[in-house]
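A quick write-up on the structure given underneath.
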Amino acid sequence: MDKPSIVTCTAPVNIAVIKYWGKRDEDLILPINSSLSVTLHQDQLKTTTTVAISRSFQEDRLWLNGKEEDITHQRLQSCLREIRRLARKRQHDGDARATDSVGLSHKVHICSVNNFPTAAGLASSAAGFACLVYTLAQAFGVEGELSGIARQGSGSACRSMYGGFVQWIMGSKEDGKDSVAQQVEPESHWPELRILVLVASSERKPIGSTSGMQTSVQTSSLLQHRADAVVPRRMVDMIEAVRKKDFPAFAELTMKDSNQFHATCLDTHPPIFYLSSVSQQIIHLVHRYNKYCGETRVAYSFDAGPNAVIFTLQQFVPEFVQLVQHFFPPDRNGEDFIKGLPVKCAALPLELKQNIGLEPVPKGISYIISTKAGPGPRVVDDPSEHLLSAEGLPKKTA
Ligand code: DP6
């Protein structure tokens, strides 16, 4: 058997603070508005993908979180086709970096895992497709702009191709060539910024983003208004807030944009509800806390599910986490409740608790992941971390 050539990479999750919701082209995945996100640190949340290429492989194969999956999935095929097309182009152009040892006709084996539970309800498709495209590009010796290919896997995936603060420019071309992600500022730009993912316990499975936004485009006039009249200005203001590290401005835009996204969901017919009663409690908690403090210290953002993503500054984390623990008393002890970056203990003034005036919801939040902004996709150098064996088969099944 021909020895496969193997490469492993990791890619991050991102959280949009100006949301993408709605496509103008379903196949190319072109959005109706630009969006902006923060890339989360891979120490806490990441996808790892190994790609093996060999002339001995009979067919392209895919394993996700330990289970073999259908590789004929249309969006996956788009990514594979686009990477092979770029590799072919490079070979024709006589680019030395383009691989000729790795034949373009050779089949690939792909194996991918997340370091966070799918049950956490965190969008894994962004990290997943970003990692797939980045790893395939490494395997086929393709370089340069790749976010346009990741976009064809899942819209939000294009933003996971960069670290720090990233905008996805909607573009105007019909072929989508100008609909790409760009780094606004690197992860080192705002070191005090902290992100807390509050994983809400939820029984029901919400409507997926793809079909949800499709119905919104068809039925919500608020969505079109948002895209035309609200987001363009908000993108400018958000970029300025990020550049200046102006937390109150960043926080207000983040909360308003999350709320407008959920308003367009309610304006969809039939309406879509992503926020749970716990999500609403968190929204109240944040506003009452900011009011009590007399300044904006904390912001929330919610995607297509009930989990809250909290943005705050390092110095406010201990008190706010304590507050969350007070109003959503967990089942288990504090250490288990908080995963990721360590959080110092803080005392809660009685006056603060009374001022918030919410009824505690026991076990409303399963756990918190404490993290910060982080870098874009990375190549993993240590071969012991490959998910595929030297023969190109999964090392272990989950
Ligand atoms: C609410 O990128 O998951 O998280 O392009 O159909 O794969 P597809 O949708 P997806 O939508 C993400 C929606 C969102 C907002 C955002 O991340 O900008």
Counting just the residues of the stretch 37-64 that are of a type in the set (G, A, S) and under 24 Å from A390 (Cβ atoms), which one comes out nearest to the chain's Cα centre (by Cα)? A52
Being out of contact with any strand residue (DSSP E or B) (no Cβ under 6 Å at 6 or more places or on another chain), among the small types (G, A, S), assigned to a loop (DSSP other than H, G, I, E, B) and within 12 Å of the ligand (Cβ to nearest atom), is that true of even one residue in the stretch 203-210? yes
Criterion: of a type outside the set (D, E) and within 16 Å of the ligand (Cβ to nearest atom) - qualifying residue of S54, S34: S34
When the residues of the stretch 153-175 are filtered to those that are among the hydroxyl-bearing types (S, T, Y) and within 8 Å of the ligand (Cβ to nearest atom), which remaining residue is surrounded by the fewest Cβ atoms within 10 Å (Cβ to Cβ)? S154
Within the stretch 303-327, can you find the residues that are assigned to a loop (DSSP other than H, G, I, E, B) and more than 18 Å from the chain's Cα centre (by Cα)? none
Six or more apart or on different chains, Cβ atoms under 9 Å: show the pairs whose first residue is in the stretch 210-222 and free of Cβ contacts under 8 Å to residues at least 60 places away in the same chain and whose second is within 11 Å of the ligand (Cβ to nearest atom) and charged (D, E, K, R). T210/K23; T210/E26
Take residues that are more than 30 Å from L341 (Cβ to Cβ) and touching an Asp or Glu at 6+ places or on another chain (Cβ under 8 Å) and tell me which of the strands (runs of 3 or more DSSP E) falling wholly in the stretch 35-92 contain 1 or more. 46-54, 61-64
Select, from E192, E295, E252, the only residue that is among the charged types (D, E, K, R) and over 26 Å from H41 (Cα atoms). E295
Just name the residue that is farthest from the chain's Cα centre (by Cα) out of those in the stretch 8-31 that are surrounded by fewer than 22 Cβ atoms within 10 Å (Cβ to Cβ) and near the ligand (Cβ under 9 Å from one of its atoms). E26
Qualifying strands (runs of 3 or more DSSP E) (wholly inside the stretch 104-191; at least 2 residues being more than 18 Å from the chain's Cα centre (by Cα)): 107-114
Could you check, for the stretch 198-213, whether at least one of its residues is farther than 20 Å from V298 by Cα, outside the structural domain of G155 (by the TED database) and among the β-branched types (V, I, T)? yes
Residue ID - farthest from L193 (Cα to Cα), chosen from residues in the stretch 284-312 that are more than 16 Å from the ligand (Cβ to nearest atom) and of a type in the set (F, W, Y): Y292
Flagged in the stretch 384-398 as loosely packed, with under 11 Cβ neighbours inside 10 Å and either hydrophobic (A, V, I, L, M, F, W, C) or modelled with pLDDT of 95 or more (or both), in numbering order, are S384, A398
Got a number for residues in the stretch 62-82 being surrounded by 14 or more Cβ atoms within 10 Å (Cβ to Cβ) and over 16 Å from I29 (Cβ atoms)? 6
Between residues in the stretch 259-272 that are in contact (Cβ under 8 Å) with a residue 24 or more places away in the chain and residues that are more than 13 Å from the ligand (Cβ to nearest atom) and assigned to a loop (DSSP other than H, G, I, E, B), which pairs lie under 8 Å by C-beta distance while being six or more apart or on different chains? T264/S220; C265/P271; C265/F273; D267/S220; T268/S220; H269/S220
Some residue of the stretch 137-150 being within 11 Å of the ligand (Cβ to nearest atom) and not basic (K, R): yes
So which residues in the stretch 341-363 are modelled with pLDDT of 95 or more and either under 30 Å from N65 (Cα atoms) or not assigned by the TED database to the domain that holds L313 (or both), if there are any at all? L341, P342, V343
In the stretch 233-262, which residues are within 13 Å of V17 (Cα to Cα) and either in a loop (DSSP other than H, G, I, E, B) or among the hydroxyl-bearing types (S, T, Y) (or both)? T254, S258
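The values are calculated or read from the model by the stated rules, or taken from the named source; none is laboratory data. Remember, predicted model here, so these are calculated numbers, not experimental data. As a convention, Cβ positions derive from the backbone with ideal geometry for all residues, glycine included, and neighbour counts pool all protein chains shown.
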